[in-house]
Every structure is written in C-alpha cells, then in structure tokens.
1. Please tell me if ALA69 is under 20 Å from HIS19 (Cα atoms), under 16 Å from the mean Cα position of the chain (by Cα), free of Cβ contacts under 8 Å to residues at least 60 places away in the same chain and assigned to a loop (DSSP other than H, G, I, E, B).
2. Restricting the stretch 18-29 to residues that are part of a loop (DSSP other than H, G, I, E, B) and among the small types (Gly, Ala, Ser), which is modelled with the highest pLDDT?
3. Checking the structure you have, find out if any residue of the stretch 120-127 is surrounded by fewer than 18 Cβ atoms within 10 Å (Cβ to Cβ), outside any helix (DSSP H, G or I), in contact with a helix residue (DSSP H, G or I) (Cβ under 8 Å, 6 or more places away or on another chain) and among the hydrophobic types (A, V, I, L, M, F, W, C).
4. Select from the stretch 81-119 the residues that are assigned to a helix (DSSP H, G or I) and of a type in the set (Gly, Ala, Ser) and write down the one among them that is surrounded by the fewest Cβ atoms within 10 Å (Cβ to Cβ).
5. From the set of residues in the stretch 30-64 that are assigned to a helix (DSSP H, G or I) and free of Cβ contacts under 8 Å to residues at least 24 places away in the same chain, which is surrounded by the most Cβ atoms within 10 Å (Cβ to Cβ)?
6. Residue by residue through the stretch 81-105, note down the ones that are over 13 Å from the mean Cα position of the chain (by Cα), of a type in the set (Ser, Thr, Tyr) and within 16 Å of ARG50 (Cβ to Cβ).
Amino acid sequence: MAQGFNPSGLKAPFGAFSHAAWAPAGRTLHISGQVATDDEGRVVGEGDMRAQTEQTLRNIATVLRAAGATFDDIVAITVFVTDMKQLGAIHEVRRRYFKPPYPASTLVEVKSLVDPRLMIEINAIAVVAG
C-alpha cells in the first residue's frame, strides 16, 4: 500500500489526497499536482505564467527537499496548463530547475484548474536513492 507524504512548508491538502506518496516497494515518490499557491494557500502570480510556474516548481522543491530528493531525481512530470500559448514562459522557468537529460514530460491544455486564477499544475514522479 502506498504511504501518503505531506511535508511542512506547504498548505495541508484540502481534500482526499496527499502532496506525495511513496510507492510500497521502494523509493519511488509520486508528487501530487502542485499549483501556484503559497504555504497559506494564497494564489501567487495571478495572470503571470512565469510567476505561477516558478511558484509551482518551488512547491515541488519543498516536497523533494523534505523527502531527501532533488529535481535530478524526477523521472517524469505531467504539466497541465490553461493556455498552451504560454509554453515559452513555462520552459524558460523549467530550464532553471531541470538539467539535461530532462525527465519524461507530458503537457496537456485544460479548460480550468481547481481555482480559475491558476494557470498551471505540475505533478511528478521521483526515484530517490537509498
């Protein structure tokens, strides 16, 4: 059975989910979709894809750090955006967090996220050594 993982430094989940979950037979960390909110749940960077991508990746960094991992441990991400035309801004920020070889990535345009002010959501899978 997977084990939920909710590090300090992020607002507690509001529903039936954890910020991440360890896979049962190893050190595979499944990070729930993170969005551009601060540790009190306030939206950061309303209307600004770069700022929202930055905050979203900072939230992922918080989970990784608490798990003893880094962005180098991420093997796959799924990115949900509300405006595909913002792809350049997203990749500009991503390049500051991810180094080649980049993780596998899926990008999906969606109509809306959990809060209409949010423009991006990213989930990730990390494989953490020992």
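1. Working: under 20 Å from HIS19 (Cα atoms): yes; under 16 Å from the mean Cα position of the chain (by Cα): yes; free of Cβ contacts under 8 Å to residues at least 60 places away in the same chain: yes; assigned to a loop (DSSP other than H, G, I, E, B): yes.
Yes; evaluated as a whole, the condition is true for this residue.
2. Here is the first cut: in the stretch 18-29, the residues part of a loop (DSSP other than H, G, I, E, B) are 18-19, 23-27.
With among the small types (Gly, Ala, Ser) added as a condition, the list becomes 18, 23, 25-26.
On the way: SER18: 71, ALA23: 66, ALA25: 53, GLY26: 54.
Out of the qualifying residues, it is SER18.
3. Within the stretch 120-127, the first condition is being surrounded by fewer than 18 Cβ atoms within 10 Å (Cβ to Cβ), and the residues that meet it are 123, 127.
Next cut, outside any helix (DSSP H, G or I) only: 123, 127.
Adding the requirement that they be in contact with a helix residue (DSSP H, G or I) (Cβ under 8 Å, 6 or more places away or on another chain) leaves 127.
Adding the requirement that they be among the hydrophobic types (A, V, I, L, M, F, W, C) leaves 127.
Looking through the stretch 120-127, at least one residue is surrounded by fewer than 18 Cβ atoms within 10 Å (Cβ to Cβ), outside any helix (DSSP H, G or I), in contact with a helix residue (DSSP H, G or I) (Cβ under 8 Å, 6 or more places away or on another chain) and among the hydrophobic types (A, V, I, L, M, F, W, C).
4. As a first pass, look at the stretch 81-119 and keep what is assigned to a helix (DSSP H, G or I): 84-97.
Next cut, of a type in the set (Gly, Ala, Ser) only: 88-89.
On the way: GLY88: 9, ALA89: 20.
The selected residue is GLY88.
5. The initial filter retains those residues of the stretch 30-64 that are assigned to a helix (DSSP H, G or I), namely 49-64.
If we keep only those that are free of Cβ contacts under 8 Å to residues at least 24 places away in the same chain too, we end up with 51, 55, 58.
Details: ALA51: 16, GLN55: 22, ARG58: 16.
Checked the stretch 30-64; the qualifying residue surrounded by the most Cβ atoms within 10 Å (Cβ to Cβ) is GLN55.
6. THR82
The values are calculated or read from the model by the stated rules, or taken from the named source; none is laboratory data. Source: prediction; values computed, not measured. Methodologically, a virtual Cβ is constructed for each residue, glycine included, from the backbone with ideal geometry; neighbour enumeration extends over all protein chains shown.
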